[in-house]
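Below you'll find the structure, written out as structure tokens, and then a few comments.
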Amino acid sequence: MKPISSRFAFYLGFLLGTSTLYIFLRQTWFERGFSRRPNSPGSVAGLKARLDAEGNTWKTDAHIQLHHHNHVTGQDSRVADELYEKVRVLCWVMTGPKNLQSKARHVKATWTRHCNVALFMSSVDDPDFPTVGLGTKEGRDQLYWKTIRAFQYALEHHGDEADWFLKADDDTFVVLENLRWVLANHTAEEPVYFGKRFKPYVRQGYMSGGAGYVLSKEALRRFVEAFRTQACTHTSPVEDLALGQCMEKIGVKPGDSRDTLARETFHPFGPEQHLTREFPKSFWYWNYCHYPIVQGPQCCSDLAISFHYVSPDVMYLLEYYTYHLRAYGYKHRYQPLPPRALSGPGKTDASQEKMPDTGRTEEKQEAAAAAAAGVKKPARSGNVVLQEKQQ
Amino acid sequence: MMSEGSSFMKGMVLGGLFCLVVSLIGSYTLGIQSNMELHLHHHLKAPSKEELQQLSEAQKLELSQRVRVYCVIMVQPKILQYWVAAKDTWSKHCDTAVFYTSESAKVLEAVNLEESDEWVRLRKALSHAHENSGELQWFLVVRPTTFAIVENLKYLVVDKDPSQPFYIGHALKSGELEYVEYQSGIVLSREALRRLVEVFKDEDRCPEQGRSLWKLSEEKQLAVCLKYTGVYAENGEDSQGKGLFNSKTVSTLISDSMTRNLPDVVEGCCSDMAITFSGMTPNQMHVMMYGVYRLRPFGHTFHDSLIFLPPEGSDND
């Protein structure tokens, strides 16, 4: 008995030992990926040790939420920095207690970091997030109340810290640098506001709420004053339309936010919709847009300012596309000149203006004429650079 | 009882040792090169800014023109929309882009390989590419749903000598075999391709039909053949060690990063100089085209050391 069971135990042990070690080896030795291995000393091409200059500037501190810093690494941000100082934008994001964790948090982790001042407006105060409590209830019928109160709050508490005041939703993605590029050709004293222009209901049109809109300080002052004097009142809960009506009353003009090739910058839908989808002919959108709708790649400026209906994962995707992923060495087709407000080379003179609302044919004809002459046209900002593909 | 227990223990120890010895012997016979040499081939990084900045303007321009890529894009008629998407988007940035199909279809402008077997198709495509590539020295081989940023590939290889064998991509290891993952794109230098086409003729080392009981995937077969010619897989990564070749879509990678609850989702996701993403739908490719070649924040200038111009006759980049 004893010897047999002993031998049996031995075999069992042997089997167990073999299989255990095999599994162990398989995990640690056999199947391995290569990524994130420590640096090997010499490489085939004999490259010297690199200074990881890019790595140092890369660090983005997500904890410093409202602090401006470089998101684009390894490059020269002087123009963007100058615009940051000269064209100060206060961003306020329309949100609510239920959306803080699901939406607003991602807005805070991405684009609002580029605002000079960023505020999150809710019905209730939340010191942890933080959000400003507007003293309203939640719900679609409260949107205009929240808007009115939010703008009042912004002017009262932060009026001196900004020149322009942007409203956005918690599913809007905004590229502040491109907003500043458009705004830099105007002053905060102009009674003007910018956004995606719709035409119905208001003679001068109004700006889509979801795509975001931005008021000059003068526009904001007039707006707040109008509510004080009751020149404007809470007429309807449809926030963007009601605000547009008030703007018309108080003499604030709707600006043209399109780029110098007449391409839209504020977008009421997501990038995939604008770039790839065809809006059905019966879609309300066709009757709403003030400027001609372009579908496909020319729907959207290279210097897009906003997209709407952006879910959190698309928020990060847009951040990656805008501030991170690029084609090394690529010379962009669209070469916008700096706005007048900036100092330094490439400053345009006062006679140059942003292209008027004449459509793109004029621009195309000019570009064609320039091509025939074989000359780049420096006088017009934003012309397509004529490329001679090097063979 | 005691003797059983001790027998058991002895058995376990001996079993473990046995396994260890067998695997050591096994790895010895399979491995052809020593570990030392393998380590030299593991990580392949793009040149640093400093290195490239040392070049003169004329040299930078010359380099930009000299590094040219032949794109081998595998397609199939039943997924025609990917051929359309690739043609409309990223492949315009290849110096030469050739589509290779398994069977012909009227609308599909592609080299018809008339072959259903993936491995044989790959062989034929690579042979064709080798014969028809003229002066081009770098080859990128991708599957239909892959989006490649050719400029970033050029940046990765600009300081590598294409008359040396290079086999680059997302490198994986299976047993002792190191191979480049097909789905995330395979890069071959001219010399590597030349050697490969040579070894294709060797029916013993690089057969058209696999000899083993189970069929090796094409990517592994490729690695085996290349290994016989002394060419080893290298992992393409950026200066931070992040992989440049991705077998997943950018959305998937972003979602993965989000679930990991990192403080910076985007930094935890992907490289700024990524070369490939795969599994992309046609619409996603159009959005990526816009995101890579157009969408940007005003006021940031990159003083890159290479310059690549936009292709003619295109408006989505």
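The values are calculated or read from the model by the stated rules, or taken from the named source; none is laboratory data. If you're wondering where the values come from, they're calculated on a predicted model, not measured in any experiment. Positions of Cβ are backbone-derived with ideal geometry, glycine not excepted, and every protein chain shown enters the neighbour counts. Note: accessible area is taken over every heavy atom of the protein model, side chains too, but ligands, DNA and RNA are not part of it. Shrake-Rupley method; radii C 1.70, N 1.55, O 1.52, S 1.80 Å.
Quick look at the values:
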| item | result |
| --- | --- |
| Filter result (assigned to a helix (DSSP H, G or I) and surrounded by fewer than 20 Cβ atoms within 10 Å (Cβ to Cβ)) within region B:64-91 | B:Gln65, B:Arg66, B:Pro77, B:Lys78, B:Ile79, B:Leu80, B:Gln81, B:Val84, B:Lys87, B:Asp88 |
| Among residues of region A:9-38, those that are of a type in the set (S, T, N, Q) and either touching a Leu at 6+ places or on another chain (Cβ under 8 Å) or modelled with pLDDT of 80 or more (or both), counted | 3 |
| Test for A:Leu318: is it surrounded by 22 or more Cβ atoms within 10 Å (Cβ to Cβ), within 12 Å of chain B (Cβ to nearest Cβ) and closer than 16 Å to A:Asp170 by Cα | yes |
| Check on B:Ser184, more than 10 Å from chain A (Cβ to nearest Cβ), touching a strand residue (DSSP E or B) at 6+ places or on another chain (Cβ under 9 Å), open to solvent by 10 Å² or more (accessible area, probe 1.4 Å) and not β-branched (Val, Ile, Thr) | no |
| Criterion: surrounded by fewer than 18 Cβ atoms within 10 Å (Cβ to Cβ) and more than 10 Å from chain A (Cβ to nearest Cβ) - qualifying residue of B:Arg190, B:Arg205, B:Arg195 | B:Arg205 |
| Lone unmet requirement of (1) open to solvent by 20 Å² or more (accessible area, probe 1.4 Å); (2) part of a helix (DSSP H, G or I) for A:His274 | (1) |
| Some residue of region A:176-191 being outside any helix (DSSP H, G or I) and open to solvent by less than 20 Å² (accessible area, probe 1.4 Å) | yes |
| Selection within region B:249-287 - without any contact (Cβ under 8 Å) to a residue 60 or more places away in the chain, in a loop (DSSP other than H, G, I, E, B), more than 7 Å from every other protein chain (Cβ to nearest Cβ) and not basic (Lys, Arg) | B:Thr249, B:Asn261, B:Leu262, B:Gly268, B:Ser271 |
| Helices (runs of 4 or more DSSP H) (entirely within region B:133-248) containing at least 1 residues that are more than 28 Å from B:Gln284 (Cβ to Cβ) and not aromatic (Phe, Trp, Tyr) | B:190-199, B:218-228 |
| Evaluation of B:Lys220 against (1) of a type in the set (Lys, Arg); (2) surrounded by fewer than 24 Cβ atoms within 10 Å (Cβ to Cβ); (3) closer than 30 Å to B:Asp317 by Cα (one fails), failing number | (3) |
| Residues that are in contact (Cβ under 8 Å) with a residue 40 or more places away in the chain, in contact with a Ser or Thr (Cβ under 7 Å, 6 or more places away or on another chain) and either open to solvent by 20 Å² or more (accessible area, probe 1.4 Å) or in a helix (DSSP H, G or I) (or both), drawn from region A:110-142 | A:Glu138, A:Gln142 |
| Enumeration of residues in region B:137-152 that are open to solvent by less than 10 Å² (accessible area, probe 1.4 Å) and either without any contact (Cβ under 8 Å) to a residue 40 or more places away in the chain or more than 9 Å from chain A (Cβ to nearest Cβ) (or both) | B:Trp138, B:Phe139, B:Leu140, B:Val141, B:Val142, B:Thr146, B:Phe147, B:Ala148 |
| Qualifying residue in region B:296-313 (condition: at the interface with chain A (Cβ under 8 Å from one of its Cβ atoms), out of contact with any Leu (no Cβ under 9 Å at 6 or more places or on another chain), within 30 Å of A:Lys108 (Cβ to Cβ) and touching a residue at least 12 places away in the same chain (Cβ under 8 Å)) | no |
| Whichever residue in region B:267-317 is farther than 24 Å from B:Gln65 by Cβ and among the aromatic types (Phe, Trp, Tyr) and, among such residues, is surrounded by the most Cβ atoms within 10 Å (Cβ to Cβ) | B:Phe277 |
| Total residues in region A:96-109, condition open to solvent by 10 Å² or more (accessible area, probe 1.4 Å) and either within 13 Å of another protein chain (Cβ to nearest Cβ) or basic (Lys, Arg) (or both) | 8 |
| Checking B:Val231 against (1) surrounded by fewer than 23 Cβ atoms within 10 Å (Cβ to Cβ); (2) more than 10 Å from every other protein chain (Cβ to nearest Cβ); (3) among the aliphatic types (A, V, I, L, M), the condition it does not meet | (1) |
| Hey, A:Asp313 in a loop (DSSP other than H, G, I, E, B), under 20 Å from the mean Cα position of the chain (by Cα), at pLDDT 95 or above and among the acidic types (Asp, Glu) or not | no |
